Amino acid sequence: NPKAVSNIGALGLMQLTPDTFTWAQSKTTENESLPASDLYNPQINIRYGTVVLSALLREFGREDTALAAYHAGRTKVKTWLADSRYSHDGKSLYYIPFDDTRAYVKQVLNTKAVYLQLYGS
């Protein structure tokens, strides 16, 4: 639903918060300063959602960790990585303490596996 709004104020198809949208705009070469209302435009939302996900993949180096950061936030994931209850090596999470984030990561990775099985890489 391109008009979706989460309980924390994330907007559009890729559920970006206005703050994350502003941050994502700073990571591109377009130097745009778009209003948060543009997140309801699917093309803009997907473009900046992929900017965010790409940055998280570069930062964390692992799909599952990047997805956890996309869902729970970079700061929270960095805290988990520094905590031996959740990470043995400071790079990967063996346990995600938020139920909704753990379920989100599992759902995205399972859906990816289905798409790869159906359509290949």
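The values are calculated or read from the model by the stated rules, or taken from the named source; none is laboratory data. This one's a predicted model, so the numbers in the text were calculated from it and none came from an experiment. Neighbour counts run over all protein chains shown; Cβ positions are idealised from the backbone, glycine included.
Taking region 47-61 as the range and being touching a residue at least 12 places away in the same chain (Cβ under 8 Å) and either on the phi > 0 side of the Ramachandran plot or surrounded by 15 or more Cβ atoms within 10 Å (Cβ to Cβ) (or both) as the test, the residues that pass are TYR48, GLY49, VAL51, VAL52, LEU53, ALA55, LEU56, PHE60, GLY61.
Would a scan of region 67-88 turn up a residue that is without any contact (Cβ under 8 Å) to a residue 60 or more places away in the chain, β-branched (Val, Ile, Thr), in contact with a Leu (Cβ under 7 Å, 6 or more places away or on another chain) and surrounded by 15 or more Cβ atoms within 10 Å (Cβ to Cβ)? For region 67-88, residues without any contact (Cβ under 8 Å) to a residue 60 or more places away in the chain, β-branched (Val, Ile, Thr), in contact with a Leu (Cβ under 7 Å, 6 or more places away or on another chain) and surrounded by 15 or more Cβ atoms within 10 Å (Cβ to Cβ): absent. Please state which one of LYS106, LYS76 is among the basic types (Lys, Arg), in contact with a helix residue (DSSP H, G or I) (Cβ under 8 Å, 6 or more places away or on another chain) and at pLDDT 95 or above. LYS76 is the lone residue from the list that is among the basic types (Lys, Arg), in contact with a helix residue (DSSP H, G or I) (Cβ under 8 Å, 6 or more places away or on another chain) and at pLDDT 95 or above. How about region 12-27: which of its residues are aliphatic (A, V, I, L, M) and more than 12 Å from ASP38 (Cα to Cα)? Within region 12-27, MET14, ALA24 meet the criteria.
Need at least 1 residues that are small (Gly, Ala, Ser) per element, so show me which helices (runs of 4 or more DSSP H) inside region 18-121 make the cut, counting only ones lying wholly within it. Fully inside region 18-121 and qualifying: 18-26, 42-60, 63-72, 99-119.
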